[in-house]
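Chemist: What follows is a single structure, and I will ask about it in a moment.
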Amino acid sequence: MSFSSLWSLIFPPWLREWLRFELIPRLGLQPQELLLGTLRGMWGTLWWMLVGLGLINGGRAYMDGQYALPRAIQSQVVKWAPVADSVARQTDIPREVPLVVWYKESSMQAENPRNCTGIMGTYDLVRSGQLPCFTPGPISDQEVAAQLAVGALEFKKRCPEVTYGTHDPAVLQRCYLAYNAGISAAQHIDPHTSAYVMNNFNEQYQNMVYRDVELGTVTVSALGAWPAHLAIQSMIAHQLDLEQPPLTLTLLDVGARLWDAGIYAVSNLLNMDLPTNPRMEFPADRDIGAQTCLGRAHILGRPSLRPTLNPVREDPLLTQDVHGCAYNLPGVDIASSNAASLLQAPIPGEVTTYTDRWRNTTIRIENDEWIVWLLHARSYLVEEGTVEKGQAVGVMGAVGYATGPHVHYTVFDKITNRFVDPGLLLPKQIAESDGAETR
C-alpha cells in the first residue's frame, strides 16, 4: 500500500473537508500559524523540559517535602484563593494571610468550633464582647468569606505596618505572632521561639512546644504559620504578566480549547442536563455605596432580553461583591465548586470575544437593551455571532488578572446608559442570621 493510499484511508476527503471548513474555523485556528507555532513550540517545549520544568518540579518537590499540606487543605486553598485575595486587597495585607490564619485556627474546616471563637480564632474579640459567639457547627460559604474578612481586619489591626505587597519574613513572622499572642507579646517574644509561627520550618524547628490558655502545654506537629505561608504562597503564585506568552503556553491554550470543546460536545451528545439558573447566596448587609458609577436598571422593556441568568451554570459562589468602578468595568466575581464550570449567556444577543490589555479573556454579549461582559474564561465555546439566552459560551478559568478560576461579571443598561449592580438581577438567596431568604 502506497503512502498516498494510506493517507487517504486515515484521512478520507470528507474528514479533511470537515477539519478545514468546520472544525478549524469554529475553533478560530489559522493552519499556517498553528504549524509555525507547533514547530516553534517543539523547541520551546524541549527547552522548558530541560530547564524550566526541571526547576519548577524541583522547587515543587522541595516545597512538598519541606512544607507538606494535606490534599484536603490544598483543595481548600485553590477554592478560596480568589476570596482571600479580595479580602486581602480590601484590608491591605498579604493575600496568603487569611488562608494561613484559617489553617492555623481551624485546619481550614468550614465549621465553627465549640468555644465560640469562629474559624479564625477571634478569642479576644468574642471574650471582650466586640463580637457575638459564633454559633458552633457547620457554616455556609458566605459565612466563611465573612469570617475571613473579620480575621483579616484583626490581623491588620495588630500589625498595621503590613501591606498587600509585604514579603519580609521578619515582619510577617512577627505579625503572625501578634495575631496569636497579642501585640504586647509580639514586642517582647522572638517569633523564632513560637511553635505557632515556626514549627516544622526546618530541622531546627521540629515538634516545638506550644502553650495556650485553653489547650495548655502541647507538642505541635502541624506546620507553623510561616512555613504554611510559604506553602500556600507557592500554590497561588501570581500569573506571569508577559508582553508575549511563551509558545508552550499558546499550545496549552489550544489544547484546553480542544478539550473543552470536546467535553461540551460529548455532554450534548449524552444529553447531560445541568442546572441553567442556579441561585447564589448574597450577604444580607451588602455595602456597595462606594461604587458611585452604578445606576438604576430600567424597569420596562422586553423581559426576554433582561440578564436574569447567572453566567456560572454550576454551584455559583460569590467571591467578591460589586467592585471595579476604578477601571470602568464594575461587576461581581463568581466562582464555583467546579473550577471548569460552563459559562452561559445571561442574555440573548450578539457575542464577540477578545483579550483586553490586561490579558483578560473576555466574552461580550449585546442586545437592544443590555450589554454583559464575562472575564477570565479559559476557553470560548463561541467566537462571534448570535447566541441564545442560556447557551454555553465558554469555560470558567483564571486567564489574565486573576488569582483563581472565576468570572468577573459586568452588566450595562443601554436604556439608562449606566452600569448596574448584577446582584439586583441575578437569582439569589439572601443570607440571614436565622436562615436564608430566597428571591
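Chemist: Of the residues D315, D333, D321, D356, which single one is at pLDDT below 90, assigned by TED's automatic domain parsing to the domain that holds H408 and touching a helix residue (DSSP H, G or I) at 6+ places or on another chain (Cβ under 8 Å)?
Modeler: Details: D315 fails: touching a helix residue (DSSP H, G or I) at 6+ places or on another chain (Cβ under 8 Å); D333 fails: at pLDDT below 90; D356 fails: touching a helix residue (DSSP H, G or I) at 6+ places or on another chain (Cβ under 8 Å).
Going through D315, D333, D321, D356 in turn, the sole match is D321.
Chemist: Considering only region 132-149, I want to know if a residue exists there that is touching a Ser or Thr at 6+ places or on another chain (Cβ under 8 Å) and part of a loop (DSSP other than H, G, I, E, B).
Modeler: Checking region 132-149: at least one residue is touching a Ser or Thr at 6+ places or on another chain (Cβ under 8 Å) and part of a loop (DSSP other than H, G, I, E, B).
Chemist: Would you please name the residue that is farthest from the chain's Cα centre (by Cα), looking only at residues in region 330-352 that are buried (at least 19 other Cβ atoms within 10 Å of the Cβ) and closer than 25 Å to R89 by Cα?
Modeler: The residue in question is P330.
Chemist: In region 172-192, how many residues are surrounded by fewer than 19 Cβ atoms within 10 Å (Cβ to Cβ) and either within 28 Å of the chain's Cα centre (by Cα) or not β-branched (V, I, T) (or both)?
Modeler: If we filter region 172-192 for residues that are surrounded by fewer than 19 Cβ atoms within 10 Å (Cβ to Cβ), which is where we start, we get 182-185, 187-190, 192.
The next check asks that each one be either within 28 Å of the chain's Cα centre (by Cα) or not β-branched (V, I, T) (or both); those that pass are 182, 184-185, 187-188, 190, 192.
Number of matching residues: 7.
Chemist: So which of T122, T166 ends up being under 24 Å from Q320 (Cα atoms), assigned by TED's automatic domain parsing to the domain that holds G224 and either of a type in the set (A, V, I, L, M) or touching a residue at least 60 places away in the same chain (Cβ under 8 Å) (or both)?
Modeler: Values: T122 fails: either of a type in the set (A, V, I, L, M) or touching a residue at least 60 places away in the same chain (Cβ under 8 Å) (or both).
Checking each option against the conditions leaves just T166.
Chemist: May I ask you to say which residue of A398, A392 is in the same structural domain as D321 (by TED's automatic domain parsing), of a type in the set (A, V, I, L, M, F, W, C) and modelled with pLDDT under 90?
Modeler: A398
Chemist: A further question follows. Residue check: is A68 in contact with a helix residue (DSSP H, G or I) (Cβ under 8 Å, 6 or more places away or on another chain), part of a loop (DSSP other than H, G, I, E, B) and modelled with pLDDT under 90?
Modeler: Numbers: in contact with a helix residue (DSSP H, G or I) (Cβ under 8 Å, 6 or more places away or on another chain): yes; part of a loop (DSSP other than H, G, I, E, B): yes; modelled with pLDDT under 90: yes.
Considered against the rule, which asks whether it is in contact with a helix residue (DSSP H, G or I) (Cβ under 8 Å, 6 or more places away or on another chain), part of a loop (DSSP other than H, G, I, E, B) and modelled with pLDDT under 90, A68 comes out as yes.
Chemist: While we're looking at this one, here's another question. Can V126 be described as within 19 Å of G182 (Cα to Cα), of a type in the set (A, V, I, L, M) and at pLDDT below 95? Quick ask: steps written out before the conclusion?
Modeler: Numbers: within 19 Å of G182 (Cα to Cα): yes; of a type in the set (A, V, I, L, M): yes; at pLDDT below 95: yes.
Taking the combined requirement at face value, the residue satisfies it.
Chemist: List the strands (runs of 3 or more DSSP E) that sit entirely inside region 353-398 and contain at least 2 residues that are touching a residue at least 12 places away in the same chain (Cβ under 8 Å) and crowded, with 20+ Cβ neighbours inside 10 Å. Give the steps one after another, and end with the answer.
Modeler: Numbers: elements: 361-366, 370-375, 384-387, 392-395.
Output list reads 361-366, 370-375, 392-395.
Chemist: Looking at region 161-171 only, could you name the residues that are within 13 Å of V100 (Cβ to Cβ) and either of a type in the set (K, R) or more than 24 Å from the chain's Cα centre (by Cα) (or both)?
Modeler: none
A quick yes/no check of all residues on (1) modelled with pLDDT under 80; (2) outside the structural domain of A149 (by TED's automatic domain parsing); (3) surrounded by 11 or more Cβ atoms within 10 Å (Cβ to Cβ); (4) assigned to a helix (DSSP H, G or I):
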| site | (1), (2), (3), (4) |
| --- | --- |
| L258 | yes, yes, yes, yes |
| N268 | yes, yes, no, yes |
| R286 | yes, yes, yes, no |
| L300 | no, yes, no, no |
| T308 | no, yes, yes, no |
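Chemist: Which one of these is touching a Pro at 6+ places or on another chain (Cβ under 8 Å) and within 30 Å of S75 (Cβ to Cβ): P307, P346?
Modeler: On the way: P307 fails: within 30 Å of S75 (Cβ to Cβ).
Sole residue among the options that is touching a Pro at 6+ places or on another chain (Cβ under 8 Å) and within 30 Å of S75 (Cβ to Cβ): P346.
Chemist: Looking at Y164 and the list (1) closer than 18 Å to Q90 by Cα; (2) among the aromatic types (F, W, Y); (3) in a helix (DSSP H, G or I), which single condition is not satisfied?
Modeler: Among (1) closer than 18 Å to Q90 by Cα; (2) among the aromatic types (F, W, Y); (3) in a helix (DSSP H, G or I), Y164 violates only (3).
Chemist: Just for region 74-92: of the residues that are touching a Leu at 6+ places or on another chain (Cβ under 9 Å) and β-branched (V, I, T), which one is modelled with the lowest pLDDT?
Modeler: So, considering only residues that are touching a Leu at 6+ places or on another chain (Cβ under 9 Å) and β-branched (V, I, T), the one modelled with the lowest pLDDT is V83.
Chemist: Right, another one. Can you name the condition, by its number, that K104 falls short on among (1) part of a helix (DSSP H, G or I); (2) at pLDDT 90 or above; (3) in contact with a strand residue (DSSP E or B) (Cβ under 6 Å, 6 or more places away or on another chain)?
Modeler: Going through (1) part of a helix (DSSP H, G or I); (2) at pLDDT 90 or above; (3) in contact with a strand residue (DSSP E or B) (Cβ under 6 Å, 6 or more places away or on another chain) one by one, K104 breaks only (3).
The values are calculated or read from the model by the stated rules, or taken from the named source; none is laboratory data. What you see is a predicted model, and the numbers here were worked out from it, not measured in a lab. In this analysis, Cβ positions are derived from the backbone assuming ideal geometry, glycine residues included, and neighbour counts consider all displayed protein chains.
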